[in-house]
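Here the structure comes first, spelled out in structure tokens, and everything after it is commentary.
None of the figures in this text is laboratory data; all of them are computed from the coordinates on show. A quick note: this is a predicted structure, and the numbers were derived from the prediction, not measured. Here Cβ is always computed from backbone atoms with ideal geometry, including for glycine, and neighbour counts include all displayed protein chains.
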There are 2 protein chains.
Amino acid sequence: MTSRKGNLMGVRRDVKVVDATVRDGGLCNNFEFTDEFVRELYKTNIKSGVDYMEFGYKASRALFDEKKFGKWKFCREEDIRGIVGENVSDMKISVMADVGRCDYKTDFLPKSESVIDMVRVACYVHQIPAAVEMIEHLHDLGYETCCNIMAVSQANMNQMEEALEMVCDSSVDVVYLVDSYGSLYPENASALARTYLAAAEKAGKKVGFHGHNNQNLAFANTIETMSYGISYLDATAQGMGRGAGNCAMELLLGFLKNPKYNLYSLLIFIEKYMLPLREQGITWGFDLQYMFTGQLNRHPREAIQFTAENRKDYCEFYKSLLDNF
Amino acid sequence: MTSRKGNLMGVRRDVKVVDATVRDGGLCNNFEFTDEFVRELYKTNIKSGVDYMEFGYKASRALFDEKKFGKWKFCREEDIRGIVGENVSDMKISVMADVGRCDYKTDFLPKSESVIDMVRVACYVHQIPAAVEMIEHLHDLGYETCCNIMAVSQANMNQMEEALEMVCDSSVDVVYLVDSYGSLYPENASALARTYLAAAEKAGKKVGFHGHNNQNLAFANTIETMSYGISYLDATAQGMGRGAGNCAMELLLGFLKNPKYNLYSLLIFIEKYMLPLREQGITWGFDLQYMFTGQLNRHPREAIQFTAENRKDYCEFYKSLLDNF
């Protein structure tokens with residue numbers, strides 16, 4: 001068992017905070033953020049000391065109709081530049097691309113012509129070979145790359161270890177442990193983190209964590225896995241993200257002891273831009289229906305439907321989940 | 001370092017779940033629950049497998065005006081019996097009594113004449129001698145006793161260890177680690193838990209945990225401290241409790257693997273009785289103002305005030321907290 005790294009008072013200089021508000025939060029509002037929202041979030045993140053800001057997905061315009069989504073599902077170069085210009089800041093810019101749902105061979109410019117710094121490749125365990133192919137292509141274009149292996153709580157341990165080995169053998173920079181269903185407890189999240197770290201450190205790679213808040217554990221799992229050496233930490237303003245949402249940026253920035261991180265700007269952003277989103281009726285965050293899917297280790301789709309229908313018959317819903325196991 | 005006890009799949013038969021909804025939740029609504037609410041919660045707890053239900057405080061009627069509070073601040077024997085009769089169930093009944101704010105010498109019947117099974121004595125570190133005197137009195141009357149040492153995150157380690165030793169030398173049955181300000185992280189909560197367990201196990205005592213949700217960590221800290229051997233676990237329906245509230249019973253029951261615990265009845269209770277409380281405007285639960293006081297390790301009184309005033313200027317509030325450090 002790898003031991004804990006650092007302590008609760010010290011600064012871990014290897015830590016990188018990744019804001020995924022527009023990307024994961026975009027799943028709550030169809031990526032329809034105003035330019036003002038995204039621009040203010042960009043400024044806020046810079047002032048808060050955030051290390052990476054993820055602008056959204058680089059989804060295939062052949063597979064998805066651009067008229068049906070906000071622009072951050074596609075993250076065209078000119079749209080990002082419309083917000084950041086040449087990005088004359090220390091903060092880096094990332095986008096996510098799903099294996100099988102993007103046109104990575106045509107949609108990414110060489111890094112020298114792009115303001116994007118990092119591309120995060122999201123895949124399921126069975127898509128690792130396709131992910132590795134994407135990673136090599138993007139690495140050759142000059143980007144930093146991550147591999148976000150989703151739904152690991154449903155993969156078996158042998159698959160997981162083989163997948164990790166394949167990813168760590170690639171040119172990837174960061175491998176992400178993703179608790180897609182919010183089903184991990186700190187005890188098994190940290191055990192998985194140690195497995196990831198053992199594989200990654202041998203290959204000179206970093207490890208990241210992306211939590212979901214189905215059991216109110218996104219923040220707990222983030223700091224627990226961090227304590228064992230995970231260094232790329234995803235968070236979103238007010239935890240905005242699909243279903244139960246993610247680790248809240250305000251909890252994370254309040255926890256980290258590095259003085260480069262600070263809360264003030266984020267609080268003002270929350271007052272001015274996040275509270276109005278809620279008032280518009282955009283919903284996310286911990287609730288019983290998401291707790292059930294987290295406890296049962298399954299996709300939140302039925303819980304999202306339950307929420308959309310404004311249902312409150314939790315017990316009936318819970319029974320229906322158990323009926324369809 | 002004591003190692004973890006049990007594992008995530010097994011049953012820990014030493015675990016006792018304590019429902020504190022009426023007691024800690026009473027701090028949100030001045031203990032003004034209807035008899036129907038309390039009776040249905042009592043039935044729900046029995047069906048859910050809960051081990052103890054706490055009915056409220058046994059507060060001094062000389063110090064507090066009975067007209068100004070609901071009856072569960074005083075927990076008269078006849079009021080409890082009005083709900084539970086002779087309590088012909090496996091679930092035990094507890095009440096809390098604060099050192100210096102109760103008349104324990106006159107207000108407790110001998111156990112043989114009472115339906116109360118357990119008295120939880122709440123105190124600060126400097127009140128330990130007074131707590132021990134109460135514990136001995138209540139123990140002699142025939143009650144199970146707990147000592148809930150509050151605000152330990154502000155006590156120094158020497159004080160803590162001396163206090164623990166004194167309590168463990170008494171007739172107390174259970175010593176509680178109480179994260180009053182919701183300032184503990186799983187890593188230091190479990191370190192404190194191991195200190196408590198080391199002292200308690202030597203003396204043949206059990207240890208409990210009572211969390212607050214200021215940093216969304218009440219559940220995480222509960223299961224993390226449990227994993228090291230803490231066995232009395234406090235929770236409340238929907239986490240109802242002062243300020244940010246407590247560990248949510250539904251999260252805890254969904255986590256525990258002992259088949260005696262089940263969620264169904266609690267879900268129905270939540271639908272029928274907890275949602276209406278929220279609709280009536282009774283508020284509790286995680287929010288930024290409580291996160292600040294948790295992060296700063298201080299009493300939530302200013303945050304409760306901020307909530308009562310319906311303020312949303314989080315950044316100004318945060319600055320004012322730092323000004324008054």
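The dipole here belongs to chain B: it is taken about the Cα centre, uses +1 on the Cβ of Lys and Arg and -1 on the Cβ of Asp and Glu, and is about 560 debye. In nm, what does the list of distances from residue A:126 to its counterparts in the other copies look like, shortest first, when each label sits 7 Å along Cα to Cβ? So the distances to the same position in the other copies read 6.5 nm.
Just add up the charged neighbours of residue A:14: K/R +1, D/E -1, any other residue whose Cβ is under 12 Å from the Cβ of residue A:14.
Values: positive: A:5, A:12, A:13, A:16, A:206; negative: A:51, A:201.
That sum, taken over residues with Cβ under 12 Å, equals +3.
Tell me, what is a quarter of the convex hull surface for the C-alpha atoms of the protein assembly as shown, in nm² with one decimal?
Here the figure is 27.8 nm², rounded to one decimal.
Per residue, the convex hull spanned by the Cα atoms of region B:229-325 measures out at 113 cubic angstrom. Computed about its Cα centre, the charge dipole of the protein assembly as shown is approximately 120 debye, with only Lys, Arg, Asp and Glu carrying charge at their Cβ.
The share of Cα pairs per 10 Å bin across region A:284-325, counted from zero up to the longest distance, runs 30, 64, 5 percent.
Against the compact-protein benchmark of 2.2 N^0.38 Å, the Cα-based radius of gyration of region A:28-112 scales to 1.09. Closest approach of any chain B Cβ to the axis that rotates B onto A belongs to B:220, 2, distance given in whole Å. Binning all Cα-Cα separations of region A:1-156 at 5 Å, short to long from zero, yields these whole-percent fractions: 2, 8, 17, 20, 20, 15, 10, 5, 2, 1, 0. Of the residues A:248, B:10, A:258, the one whose Cα sits farthest toward the positive end of the charge dipole of the protein assembly as shown, with +1 on the Cβ of Lys and Arg and -1 on the Cβ of Asp and Glu, is B:10. Lysines within cross-link reach of residue A:272: Cα-Cα under 20 Å, excluding same-chain residues under 8 positions apart? Reachable lysines: A:43, A:47, B:312, B:319. Across every pair of non-identical alpha carbons in region B:1-41, the mean reciprocal distance, once inverted, gives a Kirkwood radius of 13.3 Å. In summary, the lysines within cross-link reach of residue B:205, defined as a Cα separation below 25 angstrom excluding same-chain residues under 8 places away, comprise B:5, B:16, B:58, B:92, B:105, B:111, B:257, B:260.
Applied to region A:94-108, the Karplus parametrisation 6.51 cos²θ - 1.76 cosθ + 1.60 on θ = phi - 60° returns per-residue 3J(HN,Hα) values of 10, 9, 10, 9, 7, 4, x, 10, 9, 10, 5, 6, 10, 8, 10 Hz, with x for Gly and Pro. Between copies, residue A:105 shows label-point distances of 8.9 nm, shortest first, with the point placed 7 angstrom from Cα along Cα to C-beta. Treating each Cα of region B:190-277 as an identical point scatterer and summing with the Debye formula, the log10 of I(q)/I(0) at q = 0.12, 0.23 Å⁻¹ comes to -0.40, -1.11.
For region A:128-149 and region B:101-143, compute the distance between their C-alpha centroids and round to whole Å. So the separation of the two Cα centres works out to 65 Å.
Residue by residue through region B:5-11, which ³J(HN,Hα) values in whole Hz follow from phi under the Karplus form 6.51 cos²θ - 1.76 cosθ + 1.60 (θ = phi - 60°), with glycine and proline marked x? The phi angles translate into 10, x, 8, 6, 9, x, 9 Hz. Less than 5 angstrom separates the built amide H of residue B:74 from those of B:57, B:59, all sequence-distant by 5 or more or on a different chain. The HN-Hα couplings worked out from phi for region A:251-264 by the Karplus form 6.51 cos²θ - 1.76 cosθ + 1.60 (θ = phi - 60°) are 5, 5, 5, x, 7, 5, 8, 4, x, 5, 8, 8, 8, 3 Hz, whole numbers, x standing for Gly and Pro.
Position residue A:161: other-copy label points at 4.2 nm, ordered by increasing distance, label point 7 Å along Cα→C-beta.
Taking every residue in A:216-222 and counting other chain Cβ atoms within 10 Å of its Cβ, the average works out to 6.
Seen from all directions on average, region B:16-279 presents a Cα convex hull projection of 12.8 nm².
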